[in-house]
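The values are calculated or read from the model by the stated rules, or taken from the named source; none is laboratory data. Note that the coordinates shown come from a computational prediction; the quantities given were computed from them, not determined experimentally. Neighbour counts are summed over all protein chains in view; Cβ atoms, including those assigned to glycine, are modelled from backbone coordinates with ideal geometry.
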Amino acid sequence: MFQFLVVEDNQNTRKLMSAVLKRQGYHPVLACDGQEALDILEKQHVDLMIVDVMLPGIDGFTLTQQLRDCGYSLPILMVTAKQLPQDKRQGFLVGTDDYMTKPVDEEEMLLRIKALLRRAKIVSEHKIVLGDVVLEYDILTVRRGKESLTLPPKEFYLLYKLLSYPDRIFTRNELMSEIWGLETNSTDHTVNVHINRLRNRFDEYPEFDILTIRGLGYKAVKHVD
């Protein structure tokens, strides 16, 4: 059973999240502030943390930063009433994996949790499995049955990123920053070129597609689990 740490100072919200998680078969451990969360993490294993930003004492940003600085790699879902882009940016900069705004939609929270757990498995194993297709991060290789194809690094990282987050739309700028780095002299046309190369390579693979979302960017769609 997955054990989740819920760090929320509002008692009603904390109880609601706990009830929702229990109905899904998860085991919630509750904390009302950052210090209590740290105490819990010292004593027991936690698979995922849901943390509010506005906490008494140690706020959610600081708590997340402290955990990452100490080497904690558990998935963190940050929840807050703050909706400004700079607030989300700060959350990601300190190391959160995903971000939700209040009031929390129960179904959305559960979907995000499942995505984070899937992503954590991908990170720990350094591979993605889609039916007969296996992407092996450490050797930049895509295998399907007896066929094995080693890709140029940028192509592999781009494909791995998209398939790590199926159905999530990435803008060209996001992909440029992630794969090529902030200091690159390449243009977003580079992303288009690499996407086209990937499509040509895997056009006959029925397990996934890479779609262009007009005016937004790209996303991968998987057709198998």
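Descriptive notes on the structure:
- Criterion applied to GLU107, GLU204, GLU136, GLU183 was being farther than 30 Å from VAL46 by Cβ, modelled with pLDDT of 90 or more and charged (D, E, K, R), and the one residue passing it is GLU204.
- Filtering the stretch 135-187 to residues that are more than 18 Å from the chain's Cα centre (by Cα), in a loop (DSSP other than H, G, I, E, B) and of a type in the set (Val, Ile, Thr) leaves THR184, THR187.
- Selection status of ARG201, among the charged types (D, E, K, R) and touching a residue at least 24 places away in the same chain (Cβ under 8 Å): yes
- Qualifying positions in the stretch 11-29 - touching a helix residue (DSSP H, G or I) at 6+ places or on another chain (Cβ under 7 Å) and in contact (Cβ under 8 Å) with a residue 60 or more places away in the chain: VAL20, GLN24
- Within the stretch 10-40, the set of residues being over 22 Å from the mean Cα position of the chain (by Cα), in a loop (DSSP other than H, G, I, E, B) and crowded, with 16+ Cβ neighbours inside 10 Å comprises CYS32, ASP33.
- Qualifying residue in the stretch 112-127 (condition: surrounded by 12 or more Cβ atoms within 10 Å (Cβ to Cβ), farther than 24 Å from ILE213 by Cα, modelled with pLDDT of 90 or more and among the small types (Gly, Ala, Ser)): no
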